[in-house]
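The block underneath contains the structure these notes are about, expressed in structure tokens.
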Amino acid sequence: MKRRSRAPAQQSSTTSHDGPFMNDDKFLDHVTVRLAALPSVHAVTLGGSRAQGTHAPDSDWDMALYYRGDFDPDDLRAVGWDGEASDIGGWGGGVFNGGGWFSVDGRRVDVHYRDLDVVEHELAECREGRFHWEPLMFHLAGIPSYLVVAELALNEVLSGSLPRPSYPEALRAAAPPMWRDRAAMTLGYARSAYVRRGQATEVAGALAVAAVQTAHAVLSARGEWVTNEKRLLERADLRGVDAIVAGLRPDAENLTRAVTEAERLFTEAS
């Protein structure tokens, strides 16, 4: 795939051993070349807000390296960037199987490991409407295994070649009911376990999780890819849950009303 056209590069005001005053294009080329040269790496992509054109000047640079077979994180550590790299599986295993955080030329760079065998398997699975759920740190509702397929669809390929899948109709049919069932169970448990005890904090947590689960349902029904939760509620028009959470008080009547309002909001979301 060809790299998309870029806005005029902005000059960096920082220096490092990786190169003084690199503009954004030179910086991205520099990082890409270093990652692409690592053993077993077949492709490198730019993801996140910078790939989608929604970034701020201080946004992180989200990079992914796609490898085949054995990848040794020590090879990434040996590049010499300030920061740290996890072992394979160091972020809990599963499809999101590790990576690193670095400072390069004064910029924050996240590097994600992507096993091509796993990615290709999940691509084939989601085309048949099959996927699974995994927990992941910092994600309220966890992630679907098709997240790595969403990255193929949205990320910018900088080196190598990767497929660019459209949203499978089978996935549009299978994913929404799974996410809605999870949201309903989350709220149901909150109602039975927390509400009668006046546990406002636990109810607030359940409302947040159920809101994100419902947002996944809404976006999958639309056939819109999701790679993280940061703007998920806005995209699904579910920011109304903020007012419900803000009104919580530690008494059963208030919490009962809040859960009922959330159930109505989530049911009407589409």
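The values are calculated or read from the model by the stated rules, or taken from the named source; none is laboratory data. Given the structure is predicted, the values throughout are model-derived calculations rather than measurements. When we count neighbours, we look across all protein chains shown, and the Cβ atoms used for this are built from the backbone with ideal geometry, even at glycine. All accessible areas refer to the heavy atoms of the entire protein, side chains included, with ligands and DNA or RNA removed. Shrake-Rupley method; radii C 1.70, N 1.55, O 1.52, S 1.80 Å.
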Notebook entry, point to check: Measuring from label point to label point, each 7 Å out along Cα→Cβ, what is the ARG257 to ASP75 span in nm?
Noted result: 6.1 nm
Checklist line | Check: the chain dipole with +1 on Lys, Arg Cβ and -1 on Asp, Glu Cβ, in debye | finding: 820 debye
Item checked: Shape of the range 172-270, Cα gyration tensor, a/c cut at 1.5 -> prolate
Check: By Kyte-Doolittle mean hydropathy of at least -1.0 and Cα axial length of at least 30 Å, which whole DSSP H helices of the chain are selected?
Finding: 169-193, 200-222
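Would you calculate, for the chain, the mean residue ellipticity at 222 nm contributed by helices, counting each DSSP H stretch of 4 or more residues as -39,500 (n - 2.57) and dividing by all residues, to the nearest 500?
Estimated from H runs of four or more residues: -13500 deg cm²/dmol.
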Item checked: Answer label, with Cα extents along the principal axes in Å calculated from the coordinates and candidates (i) 49, 41, 33; (ii) 61, 42, 34; (iii) 55, 39, 36 -> (ii)
Next item on the list: Assuming a ≥ b ≥ c are the square roots of the Cα gyration tensor eigenvalues, decide whether the range 69-170 counts as rounded (a/c under 1.5), prolate (otherwise, with a/b larger than b/c) or oblate.
Entry: prolate
Item checked: Anisotropy class of the range 120-160 from Cα gyration tensor, a/c 1.5 cut -> oblate
Note to self: At 1.4 Å probe size, put ASP237, ASP70, ASP75 in order of accessible surface, largest to smallest.
What the structure shows: ASP70, ASP237, ASP75
Note to self: Quick check: with the 1.4 Å probe, what order do ARG197, ARG107, ARG68 take by accessible area, largest first?
What the structure shows: ARG197, ARG68, ARG107
